[in-house]
Amino acid sequence: MQKNSLVAQAPRVLQKVFGYAEFRSGQLEAVEASLRGRDVVVLLPTGSGKSLCFQIPAIVDIEADRGTTVVISPLIALMKDQVGALHGRGIVAQALHSHQEDSEQRIVIEQFLRGELTLLYVSPERAAMANFRALLTRVRIARLAIDEAHCVSQWGHDFRPDYLLLRDLREVVPVPIIALTATATPHVLREISSQLGLERVIEVQRGFQRPNLAFDVAGHSGEEDRIRALLEKIDSAGIRGQGGRGRAIVYCSTRKVVERVAKALRGSGVQVGFYHAGRAKLARDRAQAAFERGRTRVLVATNAFGMGIDIPDVRLIVHFQAPGSLEAYYQEAGRAGRDGAPARCSLFIGPADMLTQRRLARSTSVSVAMGARREEALAEVERYAVERSCRHKALVAHFTHTADEPPCGRCDVCRGTATDVELDQSAKEKKETLTALPEEALETILSAVDRLNRPVGRTNLARALRGGRAKNLSRGGLLTMPEYGELTGFNEDEIVAAIDELLADGRLVRKGRTYPTVWLPGKPVPRDRHSPRATTANEANHSKAHASWRAGNIARALDNYCKRTARTLGWKSYMVLQKKVILAIDREQPDTLTALADISGLGFVKVERFGEDILALVRMHRRKDYD
């Protein structure tokens, strides 16, 4: 079939399969360019129907016997949602992912090899695997669709290293590529084309205007103050109570804050659920289902709840803590008002948010350049919060690099209700001189406290972790803990600041009033702190996990695997598997990918990438632990 004939089929498919009389702005241009065999980069706002830009060409192609469209998508939940929606429209689509049993995966692969699939969804990690690329050579492929394409850019807000490997797919299957994103600056757009090796690219862009959204910013320092403000936002949006309508999403930066905010809202009579990657898969699925079905009207979440979420009546988005970039903020805020009705997007911000984001950025930055870009992104968030100019205009200008957008008339600045946001400059400058400790160092602090036989002061703890020899460090076991001297690469103020952050997140708690000390939440304090018997019992009870870390063959094998893999990838070892994840694998000893995926803190990306290696090590060393 000629290309012009293929293009002519697109309106019919739109009407017959999807039930729409006409394309939205940008969709037809993207569909036509793709069906003409061109590489296409699509930048359309959240909620504008980007998925149709590759789904309609895929349907046209399969009807013309031109082959299957392979979609690279970063989230299993997003794959499931799109495949389920396509099934509902009679389209033969499938996904390959780590939450499937081996038998399910075999059925999907057989369908794929027989050419029965219109679309096949896979993760970037699977697309990089040699065995999957071998499959591609045995099937007629029409095109590759790369969703959330900003993940390919180290200058983007959600960089994923495996996206960089997608460029090589063109050598395996020389077919057109369509790359799609909702949030990309001009720099990121250029990098998408460059990193994916696109040729003679057609760029399809439409405005970032969301005329039904009203933005506002409020400066808050303490958590209690933010909870009060959040409750006011929920009430003013008319969400709470029997007659409430619509829904709200509250975004937090860390899992502990998510849980504390959800608990506080529940205590105030709000129907609320919470969602983060540290929860078991079943718990996450239940929280999402309750929210989507309206049983809970408020969901508190980290950014793990995000891509592909398409709920029409979200009337309120609140960022309880500042995000790491304006790209992330606008993408998450864009989940409000997808039905076109008015909705509000509120940003709470304070000096502590910046320290939290710097620590999170440091834990995931793999290069100096990437760290510098993330620092620049935080500065952009601060400018947006502090400057008294139209919020919507500032956001659009961030993406377009133009100042043509007129004031929105809806935000707090335009309506004259904005209040000054003061980020304490002296405190801020002091924090910026400190190095934010990575997650691996925070785990070391928590492990050290878990070893101790009594609560200790944060300064003494910091000095011991740096290898200090002062006499007062002999109390509580500071000089004999295995973590002694492990943080010599950081100064005392940086370690103390990290301890304060752990206290703020609830991962550590204070004990005592006159001379406050730090301790693990839920860990009992021995009555007789100087009794050898009490100390031994305490250490036996609360260092059991760490004992298995030292004694278990599986744990030791996984630790060595992490170090080898990290050296190969140029990562830090905790980026492969954190110690708590290794301990959980050692304890649970999973024997399938599905069981492995249920390990808290592991995540589907690492299951996709490292799962088979991990299971092989578990099988190899399980016998040694019990011989």
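Per-residue Cβ neighbour counts within 10 Å put Lys511, Lys606 in the sequence Lys511, Lys606, beginning with the fewest. Relative contact order of segment 10-106, taken over Cα pairs closer than 8 Å and 6 or more residues apart, is 20 percent. Listed cross-link partners Lys80/Lys606; Lys80/Lys579; Lys256/Lys523 are compared with a 27 Å cut-off, the Cα-Cα value being larger for Lys80/Lys579. The magnitude of the dipole of segment 1-74, with charges of +1 and -1 set on the Cβ of Lys/Arg and Asp/Glu and taken from the Cα centre, is near 60 debye.
Simple rule: put +1 on each Lys or Arg Cβ and -1 on each Asp or Glu Cβ in segment 3-205, find the dipole, and look at Pro124, Thr183, Gln205; the Cα lying farthest toward the positive end is Gln205. With the crude spin-label approximation of a point 7 Å out along Cα→Cβ, what separation in nm comes out for Arg206 versus His187? For the pair Arg206/His187, the computed spacing is 2.8 nm. Across segment 431-490, C-alpha contacts under 8 Å between residues 6 or more apart give a mean separation that, scaled by the residue count, equals a relative contact order of 39 percent. What does the C-alpha gyration tensor say about the overall shape of segment 247-406? Classify as rounded when a/c is under 1.5, otherwise prolate if a/b is larger than b/c, or oblate. Taking the square roots of the gyration eigenvalues as a ≥ b ≥ c, segment 247-406 is oblate.
Only bridges whose two residues both fall in the chain count here: according to DSSP, what percent of them are antiparallel, nearest 5? Numbers along the way, then the final one.
Details: 4 of 51 bridges.
Just about 10 percent of them are antiparallel.
Derived scalar couplings between HN and Hα for segment 280-295 equal 4, 4, 4, 5, 5, 4, 5, 5, 5, 5, 4, 6, 5, 8, x, 5 Hz in order, rounded to whole Hz, by the Karplus curve 6.51 cos²θ - 1.76 cosθ + 1.60 (θ = phi - 60°), x for Gly and Pro.
Arrange the following residues from fewest to most other Cβ atoms within 10 Å of their Cβ: Lys263, Lys233, Lys256.
Working: Lys263 13, Lys233 20, Lys256 17.
Least crowded to most crowded, the residues run Lys263, Lys256, Lys233.
Compared with the alpha-carbon gap, the fully stretched path from Ala289 to Arg622 is longer by 116.2 nm at 0.36 nm per residue. Close amide H contacts of Tyr121 (hydrogens built in the peptide plane, cut-off under 5 Å, sequence separation of 5 or more or a different chain): Val71, Gln94, Ala95, Leu96.
Relative to one another, the C-alpha centroids of segment 199-254 and segment 1-37 are positioned 34 Å apart.
What net charge is computed for the residues neighbouring Phe54, neighbours being all others with C-beta under 12 Å from the C-beta of Phe54, Lys and Arg scored +1, Asp and Glu -1? Net charge around Phe54: 0.
Can you tally the net charge around Arg466? Count Lys and Arg as +1, Asp and Glu as -1, for every other residue whose Cβ sits under 15 Å from the Cβ of Arg466. Present the calculation step by step, with values, prior to reporting the outcome.
Working: positive: Arg458, Arg463, Arg469; negative: Glu483, Glu486, Glu492, Asp493, Glu494.
Residues close to Arg466 contribute a combined charge of -2.
Helix 532-542: angle to the longest alpha-carbon principal axis of the chain, degrees 0 to 90, nearest 10? Between helix and principal axis, roughly 0 degrees. Zone of Ala341 (label point 7 Å along Cα→Cβ, backbone N under 17 Å): which residues in segment 37-58? Once the point is set 7 Å along Cα→Cβ of Ala341, nothing inside segment 37-58 turns out to lie under 17 Å by backbone N. Estimated from helices alone, the mean residue ellipticity of the chain at 222 nm is -14500 deg cm²/dmol (sum of -39500 (n - 2.57) over DSSP H runs with n ≥ 4, per residue). Counting charges near Ala397 (Lys, Arg +1; Asp, Glu -1) among other residues having Cβ under 10 Å from its Cβ returns a value of -1. Sorted on the mean count of surrounding Cβ atoms within 10 Å across their residues, most packed first, peptides 273-284, 35-46 read 35-46, 273-284.
Taking 8 Å as the Cα distance limit and 6 or more residues as the minimum spacing, I'd like the relative contact order of segment 1-50 as a percentage. Don't skip to the answer; put the middle values down first.
Details: 31 pairs, mean separation 16.7, N = 50.
Here the relative contact order equals 33 percent.
Pull out a ≥ b ≥ c, the square roots of the eigenvalues of the alpha-carbon gyration tensor of the chain, then state rounded if a/c is under 1.5, prolate if not and a/b is larger than b/c, and oblate in the remaining case. Here the chain falls in the oblate category.
In degrees between 0 and 90, to the nearest 10, how far off the longest principal axis of the chain does helix 604-626 point, with axes built from Cα atoms? Once rounded, one gets 50 degrees.
A simple rule links phi to the HN-Hα coupling: the Karplus curve 6.51 cos²θ - 1.76 cosθ + 1.60 with θ = phi - 60°, which for segment 46-60 gives 3, x, 9, x, 5, 4, 5, 5, 10, 6, 5, x, 5, 5, 4 Hz, with x for Gly and Pro.
Would you order Val92, Val188 from fewest to most other beta-carbon atoms within 10 Å of each residue's own beta-carbon?
On the way: Val92 16, Val188 21.
Ascending Cβ contact count within 10 Å gives the list Val92, Val188.
Angle of helix 223-236 to the longest C-alpha principal axis of the chain, folded into 0 to 90 degrees and rounded to 10: 30°. Kindly identify segment 3-205 as rounded, prolate or oblate by the Cα gyration tensor criterion: order the square roots of the eigenvalues as a ≥ b ≥ c, call it rounded if a/c is under 1.5, otherwise compare a/b with b/c, prolate if a/b is larger, else oblate. Rounded shape, in that the Cα axes give a/c under 1.5.
Rule-based calculations on the coordinates, nothing more; no lab input. Source: prediction; values computed, not measured. Because the Cβ atoms are built from the backbone with ideal geometry, glycine has one as well, and the counts that use them run over all protein chains shown.
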